[in-house]
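Visitor: The structure is given below, and queries will be raised subsequently.
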Amino acid sequence: MRLFTYLALAFLLLINSGCDAPSPSSTGQPEKDSLASTGVLQEYIETGDLTQIQDRGILRLIAPRFDGADALPREGISVAGYQRTAEAFAKQLQLDVQWVFVDEFSELIPSLQRGEGDLIITNLTITESRLDKVLFSQPIKKVNEVLISRSKHPISKIEDLASFSVTIPEGTAYIETLARAEKKHNITLNVNKAPSSTSDSELLSLIQQNNFDATILDSDVANILMRDHPELAAQFILRKNRPIAWAGRKTSPALIQKLNEFLVSHHLRESSLELASRNWEQIKESGRLRMLTLNNPASYFMWRGELMGFDKDLIEQFAKNHGLHLSVIIKDSIPELIASLNAGEGDVIAASLTQSSKREEQGLMFSKPYLTIRESIVGKTNGPEISSPEELKNHTVGVNPDTTFYDYFEDLKLSGVDLISKEYKATSTETLFAKLINEEFDFVMTDSHLLAIEMAYRENLKVAFTLDDPAFIAWGLRKNQPELMAKLNQFIKKEYRGLFYNITFNKYFKNSRRMKKHKKSRIFTGGRLSPYDELVKETATKYAMDWRLVISQMYQESKFNPNAKSFAGAQGLMQVMPRTAKELGISNIHIPENGINAGLAYMHWLKGRFPGDLDFEERIYFTLAAYNAGAGHVRDARKLATQLGLDPKRWFGHVEKAMLLLAQPKYYKKARFGYVRGAEPVHYVKSIRARYLGYLNTQS
């Protein structure tokens, strides 16, 4: 048998050395069907960090050459999916992408260290020896390492393995696993090293042909490949919950931190998106209403850590009336809103949208108006004096071409009014007012409710004239949504000019003191999220977390009050119990730095309490739930979810439902950790995710 093993290894070496590919350290362009985004390969050495990479304008992504578009998926995520995610990261950094392929898996890290690429994008297990050489991203996945051999030769425990040979590719983490097993169990194993370019499928085929006795695979890969090798079996787990990650150089901590932030934002954003043109029954079944809107002071904005806005409050009340959770999806322009609605990304547009026949011709269907407004031409107090549309002749107006105001000005031009239009695409009314004050043009057109907001904190605006006919603000839907349309119209008929409506309207458009307060503490694009941004950024880097998610959680816990104390005794910005903080080696948690450290250390500890088969974003949701309710109650909820036929690996719509039931005697009496106010962790996770997604919109 050993002779056959040597012959098989020699055959693999011959195959891998006889190909026409470049040497292991060389770089080359991917095949035509791979995911390259630069047309010309630029070979150079760069060992710097993010700043140096940005100076060059290219992010070089290293991958094994056999990681092509048809390579094996990890629990549904193909290698091509990894590549698309990596390219999306480069796009966020405004960098071009260049793929650098190496022929040997063992050459990935040396190629990175030599500066031939900037990130390793493949399934790289985090090991102690690799930690000395590279900086890893936060784990993308956790897997078990399993022993694979022929079914007719069962191997039930590690000691039995001493009688067999194990063949594994050079440079893989399995070498370290076997060395660890030898030391732990005081045995000597017969280990054969195949060329690192040997694929998992090749190894399994050779085992099935009796050329090798056994090999090691990651559990998610084994689950797929074993279908094509029925004579083989997974014998036992050698190591559990091995973290899989991407890697950068030791000299690129800023790049890795940006990558960690991106991985969280990308997965949480993706998990919140769903392309489905749903009817009312499907919306009710999902428990979620998706509102498409724009970030402006009328419809939706972030004030400190709260999600606010006239449209948002009205739609949220409608959703509550029907037992639905509201998800807010932000777009940058009116055309984007309409396109996203038609694509099924959202259920309703609520963005202070004026009814118009032109928009109806584009396929939009409007609800009953929920707001009647007047449209005015506005200038500066010391600007030109006019009192009619005809007097706009020879004056300059600023306008967003996506609005109905643009059509009004175009009609004036056709009627003979020779005005000058300066177009600002995808620009809010608020920004246009700022440009008016800076004298980029003479006049701007606006709706009365938006003008009320501007007049609350600007003293140098003057209404030139107001149009005679009123305009109507309504919500937009697809033409195939009659049930939702009927429900919205019923809501508007009931609430319009009623107590709730009037209080909400006055809050945003009548109470000048409140409007000024909203303006002062409103979070603008690129602005600060909290008084503790810098402290959180520093600590989040240490734990490979997205600082914006931490800020969202912090607001949920303490509303940024470092002296906050709960009835149960939790303290500080992250509301950690003093006993927990002490176990983590941290005291005086009322001090902001200590409180943040304690919260993140506890989150990091909780993250490791869950099995490795959770998807990236689900691990975050379960960790947040455990932070609020305790890991034991979350485990009870997962177990109950399984009993109810729900998915124990998914939080939203599955385990959260089971968590709610654990407040009922019928269920908590059978649970190991007993009663829990399940509504609290359910609300906690939803609120933190919603606020986090809101923060992302202000930072993009």
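Residue-by-condition table, conditions (1) on the phi > 0 side of the Ramachandran plot; (2) part of a helix (DSSP H, G or I); (3) modelled with pLDDT of 95 or more:
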| site | (1), (2), (3) |
| --- | --- |
| Arg227 | no, yes, no |
| Gln235 | no, no, no |
| Arg242 | no, no, no |
| Trp246 | no, no, yes |
| Ile256 | no, yes, yes |
| Leu268 | no, yes, no |
| Ser271 | no, yes, no |
| Ala276 | no, no, no |
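Visitor: Residue check: is Thr188 part of a loop (DSSP other than H, G, I, E, B), of a type in the set (Ser, Thr, Tyr), more than 18 Å from Ile121 (Cβ to Cβ) and out of contact with any strand residue (DSSP E or B) (no Cβ under 6 Å at 6 or more places or on another chain)?
Guide: Values: part of a loop (DSSP other than H, G, I, E, B): yes; of a type in the set (Ser, Thr, Tyr): yes; more than 18 Å from Ile121 (Cβ to Cβ): yes; out of contact with any strand residue (DSSP E or B) (no Cβ under 6 Å at 6 or more places or on another chain): yes.
Answer is yes for this residue.
Visitor: Another one. For His322, only one of the following conditions fails: (1) farther than 28 Å from Lys91 by Cα; (2) assigned by TED's automatic domain parsing to the domain that holds Asp49. What is its number?
Guide: Every listed condition holds for His322 apart from (2).
Visitor: Please determine, by comparing only the residues of region 155-168 that are out of contact with any Lys or Arg (no Cβ under 7 Å at 6 or more places or on another chain) and under 22 Å from Ile224 (Cβ atoms), which one is surrounded by the fewest Cβ atoms within 10 Å (Cβ to Cβ).
Guide: Filtering region 155-168 for residues that are out of contact with any Lys or Arg (no Cβ under 7 Å at 6 or more places or on another chain) and under 22 Å from Ile224 (Cβ atoms), the one surrounded by the fewest Cβ atoms within 10 Å (Cβ to Cβ) comes out as Ile155.
Visitor: Taking into account only those residues within region 371-428 that are in contact with a Pro (Cβ under 9 Å, 6 or more places away or on another chain) and of a type in the set (S, T, N, Q), which is nearest to Glu454 (Cα to Cα)?
Guide: Ser428
Visitor: A further question on this structure: Does Ile377 satisfy being closer than 30 Å to Gly416 by Cα and in a loop (DSSP other than H, G, I, E, B)? Step through it out loud before you land on a result.
Guide: Numbers: closer than 30 Å to Gly416 by Cα: yes; in a loop (DSSP other than H, G, I, E, B): no.
No; evaluated as a whole, the condition is false for this residue.
Visitor: When you scan region 380-399, how many residues do you find that are in contact with a helix residue (DSSP H, G or I) (Cβ under 9 Å, 6 or more places away or on another chain) and part of a helix (DSSP H, G or I)?
Guide: Selection size over region 380-399: 3.
Visitor: Do you know which residues across region 300-322 are part of a helix (DSSP H, G or I) and of a type in the set (Lys, Arg)? Even if it seems obvious, please write down each step before you answer.
Guide: Applying the first criterion (part of a helix (DSSP H, G or I)) to region 300-322 yields 310-321.
Of everything in region 300-322, those that are part of a helix (DSSP H, G or I) and of a type in the set (Lys, Arg) turn out to be Lys312, Lys320.
Visitor: Moving on to the next point. Which one of the conditions (1) assigned by TED's automatic domain parsing to the domain that holds Ala486; (2) modelled with pLDDT under 95; (3) not hydroxyl-bearing (Ser, Thr, Tyr) does Ile453 fail to meet, given that it meets all the rest?
Guide: So the condition that Ile453 fails would be (1).
Visitor: Given the options Gly595, Gly653, name the one that is in contact with a Ser or Thr (Cβ under 9 Å, 6 or more places away or on another chain), buried (at least 22 other Cβ atoms within 10 Å of the Cβ), part of a helix (DSSP H, G or I) and not aliphatic (A, V, I, L, M). Spell out how you get there, then give the answer.
Guide: Details: Gly653 fails: buried (at least 22 other Cβ atoms within 10 Å of the Cβ).
Being in contact with a Ser or Thr (Cβ under 9 Å, 6 or more places away or on another chain), buried (at least 22 other Cβ atoms within 10 Å of the Cβ), part of a helix (DSSP H, G or I) and not aliphatic (A, V, I, L, M) holds for just one of Gly595, Gly653, which is Gly595.
Visitor: Does region 242-285 hold any residues that are buried (at least 18 other Cβ atoms within 10 Å of the Cβ) and of a type in the set (Ser, Thr, Tyr), and which are they?
Guide: Of everything in region 242-285, those that are buried (at least 18 other Cβ atoms within 10 Å of the Cβ) and of a type in the set (Ser, Thr, Tyr) turn out to be Ser252, Ser265, Ser271, Ser272.
Visitor: Sticking with this structure for a sec: From the list Ser149, Ser156, pick out the single residue that is farther than 30 Å from Asp546 by Cβ and assigned to a loop (DSSP other than H, G, I, E, B). Don't jump to the end; show me each part of the working.
Guide: Numbers: Ser149 fails: assigned to a loop (DSSP other than H, G, I, E, B).
Among Ser149, Ser156, only Ser156 is farther than 30 Å from Asp546 by Cβ and assigned to a loop (DSSP other than H, G, I, E, B).
Visitor: Across region 400-448, what is the total count of residues that are assigned to a helix (DSSP H, G or I) and either in contact with a Ser or Thr (Cβ under 9 Å, 6 or more places away or on another chain) or within 25 Å of Glu459 (Cα to Cα) (or both)? First the steps, then the outcome.
Guide: Residues of region 400-448 assigned to a helix (DSSP H, G or I): 404-414, 429-437, 448.
From what's left, either in contact with a Ser or Thr (Cβ under 9 Å, 6 or more places away or on another chain) or within 25 Å of Glu459 (Cα to Cα) (or both): 404-407, 409-410, 413, 429-437, 448.
Count: 17.
Visitor: If only one of Ser352, Ser327 is more than 21 Å from the chain's Cα centre (by Cα), assigned to a strand (DSSP E or B) and modelled with pLDDT of 90 or more, which one is it? Lay out the reasoning, then the answer.
Guide: Values: Ser327 fails: more than 21 Å from the chain's Cα centre (by Cα).
Just one listed residue meets the conditions, Ser352.
Visitor: When you scan region 398-406, do you find a residue that is over 21 Å from Ile473 (Cα atoms), at pLDDT 95 or above and loosely packed, with under 14 Cβ neighbours inside 10 Å, even just one?
Guide: There is no residue in region 398-406 that is over 21 Å from Ile473 (Cα atoms), at pLDDT 95 or above and loosely packed, with under 14 Cβ neighbours inside 10 Å.
Visitor: Now for a different question. In region 460-491, what residues are closer than 19 Å to Asp313 by Cβ and free of Cβ contacts under 8 Å to residues at least 60 places away in the same chain?
Guide: Within region 460-491, Gln490 is the sole residue that qualifies.
Visitor: Hey, another quick one. Consider Ser165 carefully, then state whether it is over 22 Å from Pro243 (Cβ atoms), more than 39 Å from the chain's Cα centre (by Cα) and assigned by TED's automatic domain parsing to the domain that holds Pro230.
Guide: Details: over 22 Å from Pro243 (Cβ atoms): yes; more than 39 Å from the chain's Cα centre (by Cα): yes; assigned by TED's automatic domain parsing to the domain that holds Pro230: yes.
For Ser165, the condition - over 22 Å from Pro243 (Cβ atoms), more than 39 Å from the chain's Cα centre (by Cα) and assigned by TED's automatic domain parsing to the domain that holds Pro230 - is met.
The values are calculated or read from the model by the stated rules, or taken from the named source; none is laboratory data. All of these numbers come straight from a predicted model, not from anything done at the bench. Note: ideal-geometry Cβ built from the backbone for every residue, glycine included; neighbour counts use all protein chains shown.
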